[in-house]
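Taking it in order: structure first as structure tokens, then the write-up.
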Number of protein chains: 4
Amino acid sequence: MINIGIIGVGRIGRVHGESISKYVKDARVKAIADPFLNDSSKAWAKAMGIEETYTDYKKILQDPDIQAVLICASTDQHSPLSIEALQAGKHVFCEKPIDHDVAKIKEVLDVVKKSGKKYQVGFNRRFDHNFKAIHDAVAAGRVGKQQIIKITSRDPEPPSIDYVKISGGIFLDMTIHDFDMVRYLSGSEVEEVYAEGSVTVDPAIGKAGDIDTAIITLKLANGATAVIDNCRAACYGYDQRAEVFGTEGCIAISNDSDSNAVFSGKNGVMAEKPMFFFLQRYMAAYAAEVDSFVEAIVKDTPTLVNANDGLAPVLIGLAAKKSVDEHRPVKIAEIRKQYNL
Amino acid sequence: MINIGIIGVGRIGRVHGESISKYVKDARVKAIADPFLNDSSKAWAKAMGIEETYTDYKKILQDPDIQAVLICASTDQHSPLSIEALQAGKHVFCEKPIDHDVAKIKEVLDVVKKSGKKYQVGFNRRFDHNFKAIHDAVAAGRVGKQQIIKITSRDPEPPSIDYVKISGGIFLDMTIHDFDMVRYLSGSEVEEVYAEGSVTVDPAIGKAGDIDTAIITLKLANGATAVIDNCRAACYGYDQRAEVFGTEGCIAISNDSDSNAVFSGKNGVMAEKPMFFFLQRYMAAYAAEVDSFVEAIVKDTPTLVNANDGLAPVLIGLAAKKSVDEHRPVKIAEIRKQYNL
Amino acid sequence: MINIGIIGVGRIGRVHGESISKYVKDARVKAIADPFLNDSSKAWAKAMGIEETYTDYKKILQDPDIQAVLICASTDQHSPLSIEALQAGKHVFCEKPIDHDVAKIKEVLDVVKKSGKKYQVGFNRRFDHNFKAIHDAVAAGRVGKQQIIKITSRDPEPPSIDYVKISGGIFLDMTIHDFDMVRYLSGSEVEEVYAEGSVTVDPAIGKAGDIDTAIITLKLANGATAVIDNCRAACYGYDQRAEVFGTEGCIAISNDSDSNAVFSGKNGVMAEKPMFFFLQRYMAAYAAEVDSFVEAIVKDTPTLVNANDGLAPVLIGLAAKKSVDEHRPVKIAEIRKQYNL
Amino acid sequence: MINIGIIGVGRIGRVHGESISKYVKDARVKAIADPFLNDSSKAWAKAMGIEETYTDYKKILQDPDIQAVLICASTDQHSPLSIEALQAGKHVFCEKPIDHDVAKIKEVLDVVKKSGKKYQVGFNRRFDHNFKAIHDAVAAGRVGKQQIIKITSRDPEPPSIDYVKISGGIFLDMTIHDFDMVRYLSGSEVEEVYAEGSVTVDPAIGKAGDIDTAIITLKLANGATAVIDNCRAACYGYDQRAEVFGTEGCIAISNDSDSNAVFSGKNGVMAEKPMFFFLQRYMAAYAAEVDSFVEAIVKDTPTLVNANDGLAPVLIGLAAKKSVDEHRPVKIAEIRKQYNL
């Protein structure tokens, strides 16, 4: 039985806490820590059977009975907490992204290496039943040599402008999941990026220095080309589709709905909208990723999303941003060179 | 080049005339005859390039250059015209049903036999791309040993009460196509029928002595059981589905629409309704059945829907009617005995 | 917090035990009892955090801290255990069917009434996301006046012949769920049944006195007609579809699969098979039904599947059996009269 | 009745000839001309009821009874024949592309303008039921303000290397239809192009100086971004999909198959492949485009695909080629300037 401490119990921290108590067999949450700990979070902890609640995360790092830590604090805390936890001898599961700053991510990678501890980044989509099905088929060679990869990723509604301002931009905040999916589905690395961005949802997003709509073309090391289309808003809900096309076939996934009921009436044949947003769509994936993390600890196997998987999509995101800014294709090698990687 | 005469140029006669002029390579319509010939039908004939228009169908039967006749007159004229045309040495394509009266159908069968001429009944669904696909798969053994056959057949709107009164009842007018489909898809004969009827669309249909909704269960000689569900009205359009389930699999067809466009919006994911009614849904099948009839003449091969295929579903329909009237399962053998078949 | 005792920890007992520990917030399993308690069941109990394990179910009934009992023993124990538990002052959740013997079910109903305790029967499909979606749409009037209800229910593989012999026959063992669905989806009562049965899967099932394939037509009090098609085997998996057709539209549900991935290749366009069987397909429904039972206790509201809902489908099943045996439609009133109901 | 002459009766010329004889009410083919006229083409003409067959196309241009000409000769003859026919006073339907050389297209545009005759380019997809459905919905404002347009266009198999060499390259030969679709579906003009090309199908295509796989991103005047993915080969058949996403919804079309039959078996749930290639998929569209051309003549209305619609996608194609060659986004204005447009 692995004892886990969760640092940060906002929305995603609670999702993980509840998942562990319900679905993860070999682990339990022993303690949580949050500087903004309040009655609501305490009541939640009690309902989940979590005994210890702290405002100071150091209490978790000092507890010798806690083997693993989930870092669910704000993004700017991800890298320092990762380092501190690893150095305290804990296995670390860190929400994405590790950081927006490549130097800091590099530092984390170095500490992970030295520590010999497990490190997993929270790219939950890898654990979704649909994305996993397409990944497994591609990995098994079912589509032959990959030629074209397509990902559609549209959110039902944009975040607040305040969030947009600290988000790191659409590529590091939203597309980062899609960059991870390109790497996951293809099993290959991105070599070059061309991104076309526009503001079609809300002019305020443009004023905040960001874009809300993007088409990103990626050249992969395996010879395939990938294309991602993103939008911060879609009136019909969370649109999460993917397709891998190759010499032996094409495998595609579409959206999930709450039920498959179809109503035929005077106005047409109507099915349900896709599930509203990530918490609905990927709830099972949140549980599966932590389960996989615990399994890696228990069996002493590599985590399925390692520290380098946390770095790679950030580099792609930075290349995409540069591509929009300079209106030209940008090689990942150029970004790596810039950061001495 | 086969010269064809069409007797009766109401709706279905014109459908056939237009089909022949457009799609049937080895035939042309030389003459039409209709006792109610008017300016509209003459203009139509001219547009179709049909030279001869008569009020008296005997002109067609007397024309030695006409090898084949399409009988598209009212149902009560189907059997006498069939006989007269066959005896005049013409090949005959007769709209369904041959007759509501078994004795008259029997008479036609006898004349067909003696005449040595081709005789085809207008069960157009056998020539529809979807029904043919399911038939061919079943005939090729793809579902293994048949176990359950299901047919859904619902009209978008009921006929007029005047028509209902002379229709011969739902089983001989509407379900007759589905009885034919059961025989066509299974390649087997119906042995027993149980029918449950109700009036859920329009009480006036009940007052006219008919039903408008039915579930019919049929036991087949090959050991399979078939079930048909019928309704005279469906607000979403013409519902034409079928499924054959067997030991090796299940093959099913669904409705066709004008386009496969799907709209995802605030209220859900909306596809188009099925095509409105039989003229839209089966237009290509009307052409294909006449093309097949002409081919049978040219190549001197059996027609794909012969006179017995015209008799069998009438017997099933009569059994279904008796089943509803006497509220019990009725064997086809009982009906055959009744008519000395 | 409701303390629950589970009597019988075979397959379904464990499904409920695990569901409660994972998903049911306001309850915990305090004890289990099974005459065949062994190391495996003890280990399972330990893993689930269940403290007390007995061979004698009376220990559960005598425990004043246990408010509710789940009866997951063999079918012949359902009614006596229900009565004993109710008389011991426990709320009872009983797996389906209450009994195959109407007299014994009646006895349970009487005891339920006198006891004032909650009683729920394990018709789990009412808690499935798809069936619930169709039910809610129908209940909200979306299809208008109901006309035709269709249910397809096919198992992936037949049970053992030993099980078939004690199963009570296909109608009480398998179709009973579909009879419940007809009542649930329609919100109406069945008045008459006509069933056509055959043996198409395994002659040994026929030798055991049962059938393995059936088409059942049901007349409902609300004027609609329902038709169920059943088979004990389907090579493509568990086939669970339903459709309600009415004057304002038709709402239908199809099968669920592990993922919605679709592969387009040389041989066609291939999707996944339906989920294998009931444990896969209805796992969430098993949790939801117990959650609903606990909620009924906590809030003191009626259970959503009461004792009468346990009786009604048994009466329909007996009528279906009689219909096959006597080859005629059978009214439910006739069965009720037979049992003085 | 419009008399038509067809110049060039290879594959596409015959498709049009047959379409006119079958489906186009107000026109007939009076004459055909082909320098390679042989027994096969004469037999075909006879079967179609076409009276006059020439090797010299000038015979058609000199016939005062012929009002309209279809130019179905090889691509290099499209522009000179267009000009000669227009100057001979004929309405002209010209297969796509008008030319690969912008100067020659410009010349045609000038002659069209002076002639006052109808001129239509053979972009048949505008007349396809699916593409028309999506166009009409977008034009009616159903998706609101357009944000992202996606087109997938993959051929089942590549053309011969000999053809590739004279094809003008993938962008002018294959993608040109997709460029037309972007303009047609959006109702807007393309302003900038970025194209990523690769050779994933056949190295011989690369050796011939062409690419066989491409992702093309297009910025539109209306603020939307479009993305096209192309491949010269897809083992599952002709892949023709499109999607327009906007503030009020997303409308998408998928492939057509010969039937909608679905087989559920041991290995999964299998539907038919898309129709094989353009002749199967767009047969009805070929008839509809000529019908529309004839209607424009008869009613003296503008053609639905005018000479400028023939020029615009060539400019986009040249920009795409330049983008691949110079590995940068290319503005259409840059191409226009280059050709003094």
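Can you give the charge dipole size of chain A about its Cα centre, rounded to the nearest 20 debye, using +1 on the beta carbon of Lys and Arg and -1 on the beta carbon of Asp and Glu?
Working: 41 positive and 46 negative charges, 87 e Å.
For chain A, the charge dipole is close to 420 debye.
Straight-line reach from A:LYS59: which aspartates and glutamates have Cα under 17 Å away, leaving out those fewer than 8 places along the same chain?
A:ASP34, A:GLU51, A:GLU84
Residue of C with Cβ nearest the axis relating C to D, plus distance in whole Å?
Nearest-to-axis residue on chain C, with distance in whole Å, is C:MET270, 3.
Would you work out what percent of the accessible area of the protein assembly as shown, with all protein chains in place, is carbon or sulfur (probe 1.4 Å)?
Details: 26110 of 50900 Å².
Heavy-atom surface of the protein assembly as shown belonging to carbon and sulfur, 1.4 Å probe: 51 percent.
Show that you can apply the helix-only estimate: for chain A, add -39,500 (n - 2.57) for every DSSP H stretch of four or more residues, divide by all residues, and state [θ] at 222 nm to the nearest 500. If you can, show how the numbers build up before the last one.
Values: 14 runs with 140 residues, N = 341.
Calculated mean residue ellipticity at 222 nm is -12000 deg cm²/dmol.
What dipole magnitude, in Debye to the nearest 20, does the protein assembly as shown give about its Cα centre under +1 on Lys/Arg Cβ and -1 on Asp/Glu Cβ?
For this selection, approximately 0 debye.
Using a 10 Å cut-off around each Cβ of peptide C:223-231, what is the average number of partner chain Cβ atoms that fall inside?
For this peptide, the per-residue mean of nearby foreign Cβ atoms is 5.
Considering amide H positions built from the backbone, and no H for Pro or chain starts, which residues 5 or more places from B:GLU157, or on another chain, come under 5 Å of its amide H?
Distant-sequence amide H within range of B:GLU157: B:ALA234.
Just name one of C:THR213, C:VAL269, C:SER186: the one whose Cα is farthest towards the positive end of the charge dipole of the stretch C:175-272 (beta-carbon charges, Lys/Arg +1, Asp/Glu -1).
C:VAL269
Give the C-A buried accessible area in Å², both sides summed, 1.4 Å probe, nearest 100.
2100 Å²
When a/c reaches 1.5 or more, the comparison of a/b and b/c decides; with that in mind, is the stretch A:228-330 rounded, prolate or oblate per its Cα gyration tensor?
Note, shape of the stretch A:228-330 comes out oblate.
Accessible area per residue for chain C in Å², computed with a 1.4 Å probe and the full protein assembly in place, what is it? Before the final figure, lay out the partial values.
Details: 12710 Å² over 341 residues.
For chain C, the per-residue accessible area is 37 Å².
Rounded, prolate or oblate: which one fits the stretch B:57-186, using the alpha carbon gyration tensor with axes a ≥ b ≥ c (rounded when a/c is under 1.5, else prolate when a/b beats b/c, else oblate)? It would help to have the intermediate numbers written out before the result.
Working: a/c = 2.28, a/b = 1.44, b/c = 1.58.
It comes out oblate by the Cα gyration axes.
Between D:THR55 and D:ASP101, 0.36 nm times their residue separation minus their Cα-Cα distance comes to what?
On the way: separation 46, 0.36 × 46 = 16.56 nm, distance 2.67 nm.
This chain segment gains 13.9 nm when fully extended.
Which ³J(HN,Hα) values, rounded to whole Hz and listed in residue order, are derived for the stretch B:163-180 from phi using the Karplus coefficients 6.51, -1.76 and 1.60 in 6.51 cos²θ - 1.76 cosθ + 1.60 with θ = phi - 60°, glycine and proline given as x?
5, 3, 4, 9, 6, x, x, 3, 5, 8, 9, 10, 5, 3, 5, 6, 4, 4
Would you mind listing the distances between the B:GLY144 label point and the same position in each other copy? Use 7 Å along Cα-to-C-beta, nm, one decimal, shortest first.
3.2, 4.1, 5.1
Taking the label point as lying 7 angstrom from Cα along the Cα-to-Cβ axis, what are the distances from C:ILE161 to the corresponding position in the remaining copies, in ascending order and in nanometres?
Here C:ILE161 shows inter-copy label distances of 6.0, 6.6, 7.8 nm.
For D:ASP300, go 7 angstrom from Cα along the Cα-to-Cβ vector, then report the distances to that same point in the other copies in nm, smallest first.
The projected label point of D:ASP300 is separated from its counterparts by 5.8, 8.8, 9.2 nm.
Pairs to check: B:LYS114/B:LYS331; C:LYS165/C:LYS207; A:LYS150/D:LYS150; D:LYS58/D:LYS165; A:LYS219/A:LYS337. Give those whose C-alpha atoms are more than 20 Å from each other in this structure.
Working: B:LYS114/B:LYS331 30 Å; C:LYS165/C:LYS207 10 Å; A:LYS150/D:LYS150 11 Å; D:LYS58/D:LYS165 30 Å; A:LYS219/A:LYS337 18 Å.
Pairs exceeding 20 Å: B:LYS114/B:LYS331; D:LYS58/D:LYS165.
What order, most packed first, do the peptides B:213-222, C:314-323, D:51-60, A:249-258 have when packing is the mean number of other Cβ atoms within 10 Å of each residue?
Ranked from most to least packed, the peptides come out as C:314-323, B:213-222, A:249-258, D:51-60.
Towards the positive end of the charge dipole of the stretch A:111-190, with charges on Cβ (+1 Lys, Arg; -1 Asp, Glu), say which of A:GLY144, A:GLY168, A:HIS129 has the farthest Cα.
Farthest along the dipole direction, towards plus: A:GLY144.
Highest first, please rank the peptides D:33-41, C:105-113, B:146-154 by the mean number of other Cβ atoms sitting within 10 Å of their residues.
By packing density, highest mean first, the sequence is B:146-154, C:105-113, D:33-41.
With a/c under 1.5 counting as rounded, go ahead and sort the stretch A:2-117 into rounded, prolate or oblate using the C-alpha gyration tensor (a ≥ b ≥ c being the square roots of the eigenvalues; past the cut-off, prolate if a/b is larger than b/c, else oblate).
Prolate is the answer for the stretch A:2-117, as a/c is 1.5 or above and a/b outweighs b/c.
Given a Förster distance of 30 Å, report the FRET efficiency between C:MET283 and C:ASP65 from their Cβ-Cβ distance, rounded to the nearest 0.05.
0.55
Around A:TYR54, which amide H atoms from residues at least 5 apart in sequence, or from another chain, sit under 5 Å from its own amide H, with H modelled in the peptide plane?
Residues meeting the criterion, in which the H sits 1.01 Å from N, are A:ILE32, A:ALA33, A:ASP34.
Scan around B:ASN222 for amide H atoms under 5 Å from its own, H built in the peptide plane at 1.01 Å from N, and keep only partners 5 or more places away or cross-chain.
B:GLU189
Which percentage, to the nearest 5, of the DSSP beta bridges contained in the protein assembly as shown is antiparallel?
Antiparallel bridges make up about 60 percent of those DSSP assigns within the protein assembly as shown.
Using the Karplus curve 6.51 cos²θ - 1.76 cosθ + 1.60 with θ = phi - 60°, work out ³J(HN,Hα) for each residue of the stretch C:210-222 in order, rounded to whole Hz, and write x for Gly and Pro.
Result, ordered by residue: 10, 10, 10, 9, 8, 10, 10, 9, 10, 8, 9, 4, 7 Hz.
Across the residues of A:242-254, average count of Cβ atoms on other protein chains within 10 Å? Don't skip to the answer; put the middle values down first.
On the way: counts 1, 5, 0, 11, 4, 6, 5, 10, 12, 6, 6, 4, 3.
Mean inter-chain Cβ contacts per residue within 10 Å come to 6.
Can you give the FRET efficiency for A:ASP325 and A:PHE276, using 1/(1 + (r/R0)^6), R0 = 35 Å, r = Cβ-Cβ distance, to the nearest 0.05?
The calculated FRET efficiency here is 0.60.
The values are calculated or read from the model by the stated rules, or taken from the named source; none is laboratory data. Since we're looking at a predicted model, the values are computed, not measured. Glycine gets a Cβ as well: all are built from the backbone with ideal geometry, and neighbour counts include every protein chain shown. For the accessible areas, the whole protein counts, side chains as well, though only heavy atoms, and no ligand, DNA or RNA atoms are used. Shrake-Rupley method; radii C 1.70, N 1.55, O 1.52, S 1.80 Å.
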